[in-house]
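The values are calculated or read from the model by the stated rules, or taken from the named source; none is laboratory data. These numbers come from a predicted model, not from an experiment. Cβ sites come from the backbone with ideal geometry, for glycine too, and all protein chains shown count toward neighbours. To get the accessible areas, we keep the full protein, side chains included, count just its heavy atoms, and leave off ligands, DNA and RNA. Shrake-Rupley method; radii C 1.70, N 1.55, O 1.52, S 1.80 Å.
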Amino acid sequence: MRRLVIATHNSKKAREMHQILGTRFPGLELLTLADYPGAPEPEETGDTYEANAIIKAESAAQFTGEWALADDAGLEIDALPGELGVYSKRFAGEDTSFAEKMVRILANLEGVPEAQRGARFRCFVALAHPETETSVFSATCEGRIAEEPSGAGGFGYDPIFWLPELGCTMADLTAEQKHAISHRGKVLAEVADHLATMI
Ligand code: IMP
């Protein structure tokens, strides 16, 4: 493998995946769907992260003819069962800003004590090629929902994801610190071990 397409239209996600894999494989040509005008943005019709990651990776592999990597992630909040998870992007409406989505989550959790604010990010990654069976990898990152947003790093729900062992939110971390402990960083470390056998 000399070339890998990061199959996402989310530029912040693409940047994280690029940072993590680019550091490990400096000789690997990393492309994104932005390099392929007209690349389809498939509907995420699966009702699991795994199914959606596979839909995105296989669509990109078919379109580009290259190895393609896609992730599907979500935030699971114990006190709001079934409300986010695989539907995290659509929570409170797809066009609602993340600032507003986080305000709604914090309002829903008002008065919920720390011990019941458990949450986790879950991430599935699919690696696809037109002529090969797709491989799937997954990881989680455990934390809690903070009392208020903090930090300007990361993206999405990071400002309200509290990391008790570090005493800060995911958005308070530098990119390198986030990748060392995050769901995406952990799963991509596993993917990288797999890629190392193919490069
Ligand atoms: P999807 O995988 O693009 O469907 O993402 C699901 C939702 O979870 C999106 O709204 C993302 O912004 C959010 N999300 C995914 N990964 C992260 C992360 O690392 N930090 C914060 N939010 C995330």
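Accessible area per residue for the chain is 49 Å², calculated with a 1.4 Å probe on protein heavy atoms, without ligands, DNA or RNA.
What percent do you get for the relative contact order of the range 144-199 when only Cα pairs under 8 Å and 6+ apart count? Let's see the in-between values first.
Numbers: 68 pairs, mean separation 14.3, N = 56.
Rounded, it is 26 percent for the range 144-199.
For the range 3-195, the carbon plus sulfur part of the accessible surface works out to 49%, probe radius 1.4 Å.
Of GLU142, GLU176, GLU16, the residue with the greatest mean-square motion in the GNM of the chain, using alpha carbon springs below 10 Å, is GLU176. Computed from the C-beta positions of PHE155 and THR132 and an R0 of 41 Å, the FRET efficiency is 0.85 to the nearest 0.05.
Pairs of alpha carbons in the range 1-55 separated by more than 12 Å make up 69% of all such pairs. Listed by chain and number, the lysines whose C-alpha is less than 16 Å from the C-alpha of LYS12, apart from same-chain residues fewer than 8 away, are LYS89, LYS178.
Normalised by the number of residues in the chain, the average gap of Cα pairs under 8 Å and 6 or more apart makes the relative contact order 19 percent. For the chain, the alpha carbon positions stretch 52, 31, 25 Å along the principal axes, listed from largest to smallest.
Taking each residue as 0.36 nm, the span from ARG90 to HIS9 lengthens on full extension beyond its C-alpha to C-alpha distance by 27.6 nm. Distant-in-sequence amide contacts of LEU31, defined by a placed amide H-H separation under 5 Å and a gap of 5 or more residues or a different chain, comprise LEU4, VAL5, ILE6.
Along each principal axis, taking the top coordinate minus the bottom one, the Cα set of the range 16-104 gives 44, 28, 22 Å in descending order. Toward the positive end of the charge dipole of the chain, with +1 on the Cβ of Lys and Arg and -1 on the Cβ of Asp and Glu, the farthest Cα among VAL86, ILE20, ILE105 is that of ILE20.
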